[in-house]
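Trainee: Before anything else, here's the structure in question.
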Amino acid sequence: MVDTPHGPRPLAGFTVGVTAARRADELGALLQRRGAAVVHGPALRIVPLANDSELLSATKELIDEPPHIVVATTAIGFRGWVEAADGWGLGEPLLARLRGTELLARGPKAKGAIRAAGLTEEWSPSSDSMAEVLDRLLDHGVEGRRIAVQLHGEPLPGFVEALREAGAQVVGVPVYRWLPPEDIGPLDRLLDLTVARGLDALTFTSAPAAASLFTRAEQRGMLPELLGALDREVLAACVGPVTALPLQAHGIKTVAPERFRLGPLVQLLCCELPARSRALPIAGRRVEIRGHAVLVDGELRPVPPAGMSLLRTLAQRPGWVVSRADLLRALPGSGTDEHAVETAMTRLRTALGAPKLIQTVVKRGYRLALDPESDAKYADE
């Protein structure tokens, strides 16, 4: 792990889970570039509906009875629709109909897909906000108007309902379908790691991925443990508010960037995770405890899992003596031999590169060598 000349990268020492199927490599690369260890377990797969009767039926319906307005929600979805229609020999009739409608694009990428098809959008918000699209439609009035909404598997809670309540006739165009992953192994490993608190954050870029994760956890009888981990130790980071809905329905607090894109999501993690780590003044040094590593005066020191368990237990009451029996219980797969504590402690001190950070208190246990001026601050914590 290489860090910058000016100190460790913002996500160095943290482990982040990725549930995305599409653009997972891009998200993983952004996270790794900032120092994170990344674990990928796709929660679903995206299946194009080129041979799907539902998409074919919707396309024929819109050609026969053209809409007044078409909303393109995603670039990949709009392109997939045009490509599927072309494969059925309906590409030109579809484009001809779309040229005579009011085309709205949800954000710059959807706008680019519209223009790549030789069409021109009427309007697009600067953000990727469906709420802005809905506000425009309602402000301009939709009663008696026929509106086609291009979907690609993402739920649009409230969007279609609001249009129908305002008097619009809405036709959904489902371009993609979400299905469980063909290989469930990586998702199960991601679940196991989340429940074991082996992750510092779990990222979600679509609502179906979050829903699929909960479904799989329920199938394995792990839902309560998963909710417990996400409620406390593992940060749930979503690309936007729609993606967060399945988590919030389970009472999980989430964080999301103001701009609903991968870059801002990673930048948000760069702020949130270091802010959640604990920094202590120990033996004249600044020690910051991160997910699987420790910063000692700004230098990143990877620590084995057993050592991290000991260090976190000592840091719960910094400066106080913790008995070997209590430390033994904190070790993963703890047995009854307290010699395991001594072995793990030796490795921890070696990993930290500063043995004096942890003091041995004869016949009692171990303590962090908290700086004297800090004793009062942490005495009652």
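The values are calculated or read from the model by the stated rules, or taken from the named source; none is laboratory data. Because the structure is a prediction, the values reported are computed rather than measured. So basically every Cβ, Gly included, is an ideal-geometry build from the backbone, and we count neighbours across all protein chains shown. When the accessible area is computed, the model is the full protein with side chains, heavy atoms only, and any ligands, DNA or RNA have been set aside. Shrake-Rupley method; radii C 1.70, N 1.55, O 1.52, S 1.80 Å.
Trainee: Students sometimes get this wrong: rank I289, I46 by accessible area, probe 1.4 Å, all chains present, largest first. Before the final figure, lay out the partial values.
Mentor: Values: I289 15, I46 45 Å².
Result, largest first: I46, I289.
Trainee: Still on this structure, I have one more. Choose one answer from L94, L191, L27: the residue with the largest mean-square fluctuation in a GNM of the chain with alpha-carbon springs under 10 Å.
Mentor: Top of the fluctuation ranking is L94.
Trainee: Further, regarding this structure: Just to confirm my numbers, what's the Cα centroid distance between segment 265-281 and segment 145-218 in Å?
Mentor: Each part reduced to its Cα centre gives a spacing of 28 Å.
Trainee: When the accessible area of segment 40-87 is split by element with a 1.4 Å probe, what percent falls to carbon and sulfur? Write down the numbers at each step before the final one.
Mentor: On the way: 970 of 2030 Å².
The computed percentage sits at 48.
Trainee: Let me ask you something else. In what sequence, largest accessible area first, do K60, K111 appear using a 1.4 Å probe?
Mentor: Details: K60 100, K111 60 Å².
Solvent-accessible surface, decreasing: K60, K111.
Trainee: Sum up the charges of everything whose Cβ sits under 12 Å from the Cβ of W88, counting Lys and Arg as +1 and Asp and Glu as -1, but leave W88 out. Intermediate results must be reported in sequence, preceding the final value.
Mentor: Numbers: positive: K60; negative: D52, E83, D86, E92.
Around W88, the surrounding residues sum to -3.
Trainee: I've got another one for you. Compute the relative contact order of the chain as a whole-number percentage, counting only Cα pairs closer than 8 Å that sit 6 or more residues apart in sequence.
Mentor: On the way: 701 pairs, mean separation 58.6, N = 381.
It rounds to 15 percent for the chain.
Trainee: What are the ³J(HN,Hα) values, in whole Hz, obtained from phi via the Karplus relation 6.51 cos²θ - 1.76 cosθ + 1.60 with θ = phi - 60°, for each residue of segment 346-355 in sequence order, with x given for Gly and Pro?
Mentor: Rounded to whole hertz, the list is 4, 5, 5, 4, 5, 5, 6, x, 8, x.
Trainee: Follow-up question, since we're still on this one. First check a/c for segment 212-337, with a ≥ b ≥ c the square roots of the eigenvalues of its C-alpha gyration tensor; if it is under 1.5, answer rounded, and if not, answer prolate when a/b is larger than b/c or oblate otherwise. All intermediate terms of the calculation are to be shown ahead of the outcome.
Mentor: Details: a/c = 2.85, a/b = 1.41, b/c = 2.01.
It is oblate, given that a/c is not under 1.5 and a/b is not larger than b/c.
Trainee: Still on this structure, I have one more. Within 14 Å, Cβ to Cβ, of G185, how many net charges do the neighbouring residues add up to if Lys/Arg are +1 and Asp/Glu are -1? Don't jump to the answer; show the numbers that get you there.
Mentor: Working: positive: R45, R189, R216, R220; negative: E182, D183, D188, D192.
Within the 14 Å Cβ shell, the charges total 0.
Trainee: Further, regarding this structure: Based on the Cβ-Cβ distance from H339 to A196, what FRET efficiency comes out when R0 is 30 Å, to the nearest 0.05? Present the calculation step by step, with values, prior to reporting the outcome.
Mentor: Details: r = 24 Å, r/R0 = 0.81.
It comes out at approximately 0.80.
Trainee: With an 8 Å cut-off on Cα pairs and a minimum separation of 6 or more residues, tell me the relative contact order of segment 165-272 in percent.
Mentor: Details: 114 pairs, mean separation 25.6, N = 108.
Once divided by the residue count of segment 165-272, the mean separation gives 24 percent.
Trainee: For segment 242-370, what relative contact order do you get, as a whole percent, if you take Cα pairs closer than 8 Å and at least 6 residues apart? Don't skip to the end; give the middle numbers.
Mentor: Details: 160 pairs, mean separation 26.3, N = 129.
It comes to 20 percent, rounded to a whole number.
Trainee: Could you please report the charge total around F78, scoring K, R as +1 and D, E as -1 over all other residues with beta-carbon less than 11 angstrom from its beta-carbon? Don't jump to the answer; show the numbers that get you there.
Mentor: Values: positive: R79, R106, K109, K111, R115; negative: E83, E121.
With Lys, Arg at +1 and Asp, Glu at -1, the neighbours total +3.
Trainee: Between (1) 27, 60, 13, 0; (2) 24, 51, 24, 1; (3) 25, 44, 22, 9, 0, which matches P(r) over Cα pairs in 20 Å bins from 0, in percent calculated for the structure shown?
Mentor: Derived directly from the coordinates: (3).
Trainee: I'd like the accessible area for H140, computed on protein heavy atoms only with a 1.4 Å probe and all protein chains in place. Round to 10 Å², please.
Mentor: Rounded to the nearest 10, the figure is 130 Å².
Trainee: Go through segment 57-65 residue by residue and turn each phi into a ³J(HN,Hα) via Karplus (6.51, -1.76, 1.60, θ = phi - 60°); whole Hz please, and just put x for glycine and proline.
Mentor: Ordered by residue, 3J(HN,Hα) equals 4, 5, 5, 4, 4, 6, 6, 6, 10 Hz.
Trainee: Same structure again: Can you tell me the accessible area per residue over the chain, all protein chains present, probe 1.4 angstrom, in square angstrom? Please list the in-between numbers first.
Mentor: On the way: 17860 Å² over 381 residues.
Accessible area per residue, the chain: 47 Å².
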